[in-house]
Amino acid sequence: MFTAKLSHVHPILLLGVVVLAFTGWIAYEGVTGHGTASVMGSEQSESENGTKPLPKLPPEVVIGAIRVGQPRLFVEQHLMAHSAGDIDPVDLSAGAPVLRSRYRVYISRPLPHLNPSLPPHMFRPGSYILTLEFDGRHAGHPLFHIDLSPEHPE
């Protein structure tokens, strides 16, 4: 009975009601935030390359896990969760391709394995520049040099 009456409704009016309902639904999801998990994916969903996103850890923990010899993709995937890196052009001045990335990070405690000459009591929390150099000659571009220096040296 209801469908028979619905067929007599003007199609433009019916289309307007459907568009209005859809727009209201989108606005409601946007305001309440319930739609973010279904649209953007949940925290545990896989990213485009099939890996699970990394949890946001303190910069000291992430930087502490970086070691010489690790592939560039692994290192940059961990650091990109904190800040976008400044990627320099490939440096060929030493005769071998060197890929260099810089990250601005806020460090609140000393990292002795990166600054062995700096005693922990001399450490100052603040903004630092993390410079990573990768070897462009080998597959995976392994990390071969790490430097952590204050952004504004005193």
### Task
Kindly report the accessible area of the range 59-150 per residue (heavy atoms of protein chains, probe 1.4 Å, no ligands, DNA or RNA), in Å².
55
### Message
Just to be sure I understand the model, the point goes 7 Å from the Cα along the line to the Cβ. What's the resulting THR32 to ILE129 distance in nm?
### Response
4.9
### Summary
Placing each pseudo-label 7 Å from Cα in the direction of the beta carbon, HIS138 and HIS113 end up separated by a distance in nanometres of 1.7
## Note on the structure
In terms of the alpha carbon gyration tensor, root eigenvalues a ≥ b ≥ c, rounded if a/c is under 1.5 and otherwise prolate when a/b exceeds b/c or oblate, the range 59-150 is prolate
### Query
Quick one: if the Förster radius is 30 Å, what FRET efficiency do ALA94 and GLU60 give, using the C-beta to C-beta distance and rounding to 0.05?
0.45
### Task
Quick one: what are the phi-derived ³J(HN,Hα) couplings along the range 129-140, Karplus 6.51/-1.76/1.60 with θ = phi - 60°, whole Hz, x for glycine and proline?
9, 9, 10, 10, 10, 10, 7, x, 7, 10, 4, x
### Task
With a 1.4 Å probe and every protein chain kept in, tell me what percent of the accessible surface of the range 59-150 is carbon plus sulfur.
61
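The values are calculated or read from the model by the stated rules, or taken from the named source; none is laboratory data. In this text the structure is predicted, and so the values were computed from the model without any measurement. Note that each Cβ is placed from the backbone with ideal geometry, even for glycine, and that neighbours are counted across all protein chains shown. Ligands, DNA and RNA are stripped out before the accessible areas are found, and what is left, the full protein with its side chains, is counted by its heavy atoms. Shrake-Rupley method; radii C 1.70, N 1.55, O 1.52, S 1.80 Å.
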